[in-house]
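Following: one structure in structure tokens, then a few remarks.
FYI, it's all coordinate maths here, none of it is from the lab. Remember, it's a predicted structure, so these values are computed and weren't measured experimentally. Note that we place each Cβ from the backbone using ideal geometry, even for glycine, and neighbour counts take in every protein chain shown.
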Amino acid sequence: MWTALLQAIGSFAAGAGAWVVLEFFGRPLRKFYDLRGETIYLLARTANVSARWKEIPDDVGAISGNVETLNVSDDQTADLKEARIQLRDLPSRFHAFGFNETYALRFLLWRGYSPMKASAGLFGLSNSIDTDGAGKAFQKRQSQKRCAFPISSRFETRRRGLPRVSSAASSSRWIADDDARC
């Protein structure tokens, strides 16, 4: 009788422990990696959105603060507006994740990710998406650094016509920031 009771208590404790691990670690971690995947998708999707303005560098190549208006169609303006809205949504969700999921956040920080820094980089990118130049490039690079997103992917074709990565040095590379990735 005692053996059956101990087995029932042990089974209940194991089930409760598994539920705690799943609810406080498993689901939030899955949510983070889903957000990261959505961000990679969105950055690839908005990479070729035309800007309204172009920064004009000064004589030494630094940002002067002057901009030149570019000819942009109504469709391109609509694409730019949609990209800005979507780029504001993802960092908001990273920001909420950073404040809400404390146990998973500790694990992610230990692994080198920082959702709050990813949020800041993506907010900066959404603010500079309509201006082509060094500011936009800097914000994009910062958001990619903080999340270890692929920076570039150079593909060349094989004899069979299939894409392949050219080499380790020029292929998709992952950037890790000194203090945190995402």
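Remarks
- Computed extension length for Ala18-Leu109: 30.5 nm, one decimal, from 0.36 nm per residue of separation with the Cα-Cα distance subtracted.
- Between the amide H of Thr46 and any residue lying 5 or more places away or on another chain, no distance stays under 5 Å, with hydrogens modeled in the peptide plane.
- Across segment 115-121, computed HN-Hα scalar couplings (Karplus, 6.51 cos²θ - 1.76 cosθ + 1.60, θ = phi - 60°) run x, 5, 5, 4, 4, 4, x Hz from first to last residue, x flagging Gly and Pro.
- Residues Thr39, Thr77 in ascending order of nearby Cβ atoms (within 10 Å, fewest first): Thr77, Thr39.
- Karplus-derived 3J(HN,Hα) values for segment 81-96, using 6.51 cos²θ - 1.76 cosθ + 1.60 with θ = phi - 60°, are 5, 5, 4, 5, 4, 5, 6, 7, 6, 5, x, 5, 6, 4, 4, 4 Hz; glycine and proline are entered as x.
- Annotation: lysines with alpha-carbon distance below 16 angstrom to Lys54 (same-chain offsets under eight excluded): Lys136, Lys140.
- Residue exposure sequence - Leu70, Leu105 - by fewest surrounding Cβ within 10 Å: Leu70, Leu105
- Taking amide hydrogens as placed 1.01 Å from N in the peptide plane, the amide H of Leu70 sits under 5 Å from those of Trp53, Lys54, each at least 5 positions away in sequence or on another chain.
- Local net charge near Leu29, Cβ-Cβ under 14 Å (Lys/Arg +1, Asp/Glu -1): +3
- Between Val72 and Ala4, the simple label model (points 7 Å from Cα in the Cβ direction) yields a spacing of 7.4 nm.
- Counting neighbouring Cβ atoms within 10 Å and putting the fewest first, the residues Val49, Val60, Val20 line up as Val60, Val20, Val49.
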